[in-house]
Amino acid sequence: MDDCMTNRPASAANATPSPQPGADAPWWKGATIYQVYPRSFLDTTGDGIGDLQGIIKGLDYIASLGVDAVWLSPFFASPMKDYGYDVADYCDVDPMFGTLADFDQLIEKAHRLGLKVIIDQVYSHTSDQHAWFAESREDKINPKADWYVWADPKPDGSPPNNWQSVFGGPSWEWDARRQQYYFHNFLVSQPDLNVHNPEVQDALLAAATFWLDRGVDGFRLDAINFAMHDRELRDNPPSGLPMEKVTRPFDMQRHVYSMSQPEVPAFLERIRTLLDRYDGRFTVAEIGGPDPIGEMKAFTEGQGRLNSAYSFDFLYAQSLSPARIVRSLSEWGGVANEGWPSWAFSNHDAPRAVTRWAAPEDRKQAADMLLLLLLGLRGNAFLYQGEELGLPQAKVPFDYLKDPEAIANWPRTLGRDGARTPIPWVADATNSGFSTGEPWLPVDPLHDALSADRQEADPVSTLNVARSLIKLRQSLPALRLGTLHFHEAPEGILFFQREHEGKSVACVFNIGAEPVEFVPAAANQMQVLANETGAVNASVSLPRQIEPWSGYWALLDEAGD
């Protein structure tokens, strides 16, 4: 906590009280949020690593998309064993990305452009290089002795229980100084914080306050359901998965004791209480696990917890179907006290959706239609950098891999590096305009043809489709805020209706492999607003045959038909 207090900006005491909620929805409800992975966005120093000045330079491009906000993956001080998600100082910028002054400049420019700024907060664990852990491991009686999860060995010297880590191997590491094991859900170098400890919660809230006082508009809470453990340290039961579905020991357990504990929501209420001191701040939880819906709802229900949550429903799906979409969205019916969902098809942790779901020859068409689909869903839409360019998963040779999970599980998993390669800005330029030096991950040559400068000049490029669809979504309260009702449709067709204050939009998509003849019953009352080629004019007629990877939004003259 001391480092956060030391680095606090001069405006720390000037928190703006939150106004009483009015008739208008908050800015974040139905928002489109653009995720930046700073290492791979734009390098301005020539060291091959993207930086805050690169993001500042790219903010005009991001604003041109029409999105509401930008979410920055970690840029905090870190040894980068897990590329920023191993935080060594919650309240400082890592020198490879720049300085706090750069961050302040980024906030100022983003706000001037009408963009909100959301940053990651990693409350489950820190780096083993964090000063808190250095003190905690010294002995069992120091002031931070209970800030991490420590446990004695069993009489035979083995770890306290059978918990397995996400990145492979036991979740316990022996520390000779304390003569105890410490717990880590992820890398050995990422010891888990003891978030049951009120002092730890206070320190994390001090870090949050530091960034709120610098002007951030909200937080994405990374792996928040990993933030607490069973204090009795009971063994996890087996998962029962067949071995052909197992890539790591982690998959062999149901993680009922090493994560997802019932005390987490009370901590989230403390976070919400803090953010309610500020005007219009937003919180979204990342929820991993095989059955996340219960936690997503528990973490967001009522007025005293988080605003939104998203899971890996679509991020890890190897195929897409109407049934999967119906199953996921039907869990969010808009009942009283229910939270607000968020959706992502791609991010820094998952292979890009267009590669997972579409054949190479269909990727342009699929990339465009997936934008139409994502922006039509009820909830917030998270757009990952490069998704607006239709980038496929990059091929990264083994010798160039950086992702510890990919290296440990090679070749059974695609890993995360292929989604983290640099953004191609300028075709035929050195490293596609990302950096004048050797990039930290290689630029995929196939991405050069999809560079931002080439797409800028092409009116039917995925980039310009994204701009058209985002702009149209922003103008339609039914798509931003409306209810969602599914309708019967032929196999391969997804058909739902969004409705708000008497206005209704029908959304139809062919996610199958074959053309399907389909005309909704209310077709004579529908006016096509957009299809997968972007916003269209009223002269476009309703198609009788829906081609694969195509669809449309259509305005209904009378809501409810």
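Every read-out reported here was derived from the displayed coordinates using simple, explicitly stated rules and does not represent laboratory data. From a predicted model like this one, the values you see are computed outputs, not experimental measurements. Quick reminder, even Gly has a Cβ in these numbers, built from the backbone with ideal geometry, and neighbours come from all protein chains shown.
What ranking of V335, V246, V188 emerges when the number of other C-beta atoms within 10 Å of each C-beta is taken as an exposure proxy, fewest first?
Details: V335 7, V246 13, V188 17.
Ranked by crowding around the Cβ, least crowded first: V335, V246, V188.
Ordering 202-210, 383-391 by mean Cβ neighbour count within 10 Å, with the highest value first, yields 383-391, 202-210. Reported to the nearest whole Å, the Cα centre-to-centre distance from the stretch 211-284 to the stretch 314-372 is 22. Amide H contacts of D92: A77, each under 5 Å away and 5 or more positions distant or on a separate chain (H built 1.01 Å from N in the peptide plane; Pro and chain starts excluded). Comparing Cα centroids, the stretch 126-171 and the stretch 483-512 end up 50 angstrom apart. Could you tell me whether the stretch 483-556 comes out rounded, prolate or oblate from its Cα gyration tensor? Rule is a ≥ b ≥ c as square roots of the eigenvalues, rounded for a/c under 1.5, then prolate if a/b exceeds b/c, otherwise oblate. Oblate.
Report the extension gain between V519 and H487 in nm, rounded to one decimal, defined as 0.36 nm multiplied by the number of residues separating them, less their alpha carbon distance. Walk me through the intermediate numbers first.
Values: separation 32, 0.36 × 32 = 11.52 nm, distance 1.22 nm.
In short, 10.3 nm is gained.
Determine the shape class of the stretch 390-456: with a ≥ b ≥ c the square roots of the Cα gyration tensor eigenvalues, call it rounded for a/c under 1.5, and otherwise prolate if a/b is greater than b/c, oblate otherwise. Show your work: numbers first, answer last.
Numbers: a/c = 3.17, a/b = 1.93, b/c = 1.64.
Prolate shape, in that a/c is at least 1.5 and a/b is the bigger ratio.
Full extension of the chain between W410 and R544 yields a length gain of 43.6 nm, computed as 0.36 nm times the residue separation minus the alpha carbon distance. The length gained on full extension between A359 and H111, counted as 0.36 nm times the residue separation minus their Cα-Cα distance, comes to 85.3 nm.
In this label model, N142 and D156 are separated by 3.3 nm, measuring between points 7 Å along each Cα→Cβ vector.
Across the chain, Cα-Cα pairs farther apart than 47 Å form 11% of the total.
By the beta carbon rule, with partners counted only under 4.7 Å, the chain holds these lone Cys residues: C507. Rounded, prolate or oblate, given the Cα gyration tensor of the stretch 330-412, with a/c below 1.5 counting as rounded? Oblate is the answer for the stretch 330-412, as a/c is 1.5 or above yet b/c matches or exceeds a/b.
How do the peptides 476-487, 511-522, 218-229 rank, highest first, by the average count of neighbouring beta carbon atoms within 10 Å per residue?
On the way: 476-487: 18.8, 511-522: 14.7, 218-229: 24.8.
Result, highest mean Cβ count within 10 Å first: 218-229, 476-487, 511-522.
DSSP beta bridges fully contained in the chain are about 60 percent antiparallel.
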